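Let me begin by presenting the structure, written as structure tokens, before commenting on it.
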Amino acid sequence: MTHTLAPLPFAYDALDPWVDERTMRIHHGKHHQGYVDKLNAALAGHEGLAKKSVKELISHPEAVPTELRGKVRNFGGGVWNHTFFWNVLGKNDGTIGGPVEQAIMTGWGSVEKFKDAFSVSAASLFGSGWTWLVIKDCKLAIMNTANQDSPINEGITPILTIDVWEHAYYLQYQQKRPEFIEKYFAFIDWKKVNTLFAQVR
Ligand code: MN
């Protein structure tokens with residue numbers, strides 16, 4: 001099986017003004033595509049891994065030959081993380097709603113406190129990586145991963161994420177990662193996040 005780049009689930013300008021069309025085209029067409037290409041190159045000649053999905057490859061690293069594990073973790077993670085990211089994005093009307101809002105209230109006391117905690121986590125991540133909202137021990141939790149590591153490497157289920165690699169924001173925001181994070185909250189598709197949450201519970 002050759003892995004392919006999943007099309008964006010929205011138009012390239014759908015996230016403007018948070019993320020403009022130029023950034024989206026480069027992020028999806030060059031960076032995300034690059035991970036797909038590098039994963040395919042790494043898997044070439046390893047027929048035993050050919051039938052496995054990206055999710056299966058990165059969530060069961062023990063089944064990947066030792067010499068390939070680092071590449072699969074980085075490139076497979078790059079493929080899976082980006083596809084997941086695109087799927088939880090979309091302009092919202094400012095409300096979260098559903099069981100996710102209830103769980104946020106339980107976990108942080110208010111939506112504002114949750115946003116603050118998530119923003120601090122994303123802004124303080126050193127270097128390149130991702131900030132996630134995950135389900136851990138039946139509760140919501142915020143976690144960071146470095147590089148293209150993913151919560152599913154550790155069997156943890158995410159329901160939301162933000163990519164804080166510089167390639168995600170540098171053309172528009174330069175070094176101002178906190179501004180990129182602040183504007184993100186208006187472009188989370190909370191309906192999809194609620195659907196993911198419901199699938200896990
Ligand atoms: Mn990225």
Compute the signed sum of charges (Lys and Arg +1, Asp and Glu -1) over the other residues within less than 11 Å, Cβ to Cβ, of Ala42. +2
With a cap of 10 neighbouring Cβ atoms within 10 Å, and only residues DSSP puts in a loop, list the trypsin sites (Lys or Arg not before Pro) found in region 44-99. Lys51
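Excluding ligands, DNA and RNA, what is the solvent-accessible area per residue of region 148-201 at a probe of 1.4 Å, expressed in Å²? Kindly include the intermediate steps, with their values, before the conclusion.
Working: 2460 Å² over 54 residues.
Computed with neighbouring chains in place, this is 45 Å² per residue.
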Long-range amide H contacts for Ile159: which residues qualify at under 5 Å (H placed 1.01 Å from N, peptide plane, sequence gap of 5 or more or a different chain)? Leu133, Val134, Ile135
Taking the Cα centre of region 36-129 as origin and charging only Cβ (+1 Lys, Arg; -1 Asp, Glu), how large is the dipole, in debye to the nearest 20? 200
Per-pair calculated FRET efficiency, R0 = 30 Å: Ala186 and Cys138 via Cβ, rounded to 0.05: 0.55
State the answer as a single residue: which of Ala117, Val72, Leu57 lies farthest towards the positive end of the charge dipole of region 55-127, with beta carbon charges of +1 for Lys and Arg and -1 for Asp and Glu, about the Cα centre. Val72
Cross-link pairs Lys136/Lys192; Lys38/Lys176; Lys71/Lys183 - those with Cα-Cα distance over 25 Å: Lys38/Lys176; Lys71/Lys183
On a 0 to 90 degree scale, rounded to 10, what angle separates helix 190-200 from the longest Cα axis of the chain? 60
Phi-derived 3J(HN,Hα) across region 41-49 with the Karplus relation (6.51, -1.76, 1.60, θ = phi - 60°), rounded Hz, x for Gly and Pro, is 5, 5, 8, 4, x, 9, 4, x, 9
With everything on Cα atoms, drop me the angle between helix 98-108 and the longest principal axis of the chain, reported from 0 to 90° to the nearest 10. 80
Which angle from 0 to 90°, rounded to the nearest 10, does the C-alpha axis of helix 111-124 make with the longest principal axis of the chain? 40
Can you give the extra length, in nm with one decimal, that the chain gains between Gln199 and His60 once fully stretched, where that is 0.36 nm per residue apart less the Cα-Cα distance? 48.0 nm
If you stretched the chain out fully between Asn147 and Arg69, how much longer would it get, using 0.36 nm times the residue separation minus the C-alpha to C-alpha distance? 26.6 nm
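May I ask for the equivalent-ellipsoid semi-axes of region 5-132, computed as the square root of five times each C-alpha gyration tensor eigenvalue and listed largest first in whole Å? Numbers along the way, then the final one.
Numbers: eigenvalues 197, 77, 38 Å².
Semi-axis lengths for region 5-132 are 31, 20, 14 Å.
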Would you mind calculating the gained length between Phe10 and Ala44 on full extension (0.36 nm times residue separation, minus the Cα-Cα distance), in nm to one decimal? 9.1 nm
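Find the accessible area per residue for region 1-121; the probe is 1.4 Å, ligands and nucleic acids are left out, and the unit is Å². Write out the running numbers ahead of the final one.
Numbers: 6260 Å² over 121 residues.
Value for region 1-121: 52 Å² per residue.
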Carbon + sulfur, % of accessible area of region 10-117 - ligands and nucleic acids excluded, 1.4 Å: 53
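Please report, largest first and rounded to whole Å, the three semi-axes of the ellipsoid equivalent to region 86-189, where each semi-axis is the square root of five times an eigenvalue of the C-alpha gyration tensor. The partial results should precede the final answer.
Details: eigenvalues 90, 59, 30 Å².
Square roots of five times the eigenvalues give 21, 17, 12 Å.
The values are calculated or read from the model by the stated rules, or taken from the named source; none is laboratory data. If you're wondering where the values come from, they're calculated on a predicted model, not measured in any experiment. Positions of Cβ are generated from backbone atoms using ideal geometry, with glycine treated the same way; all protein chains shown enter the neighbour counts. For accessibility, only protein heavy atoms count, side chains too; no ligands or nucleic acids. Shrake-Rupley method; radii C 1.70, N 1.55, O 1.52, S 1.80 Å.
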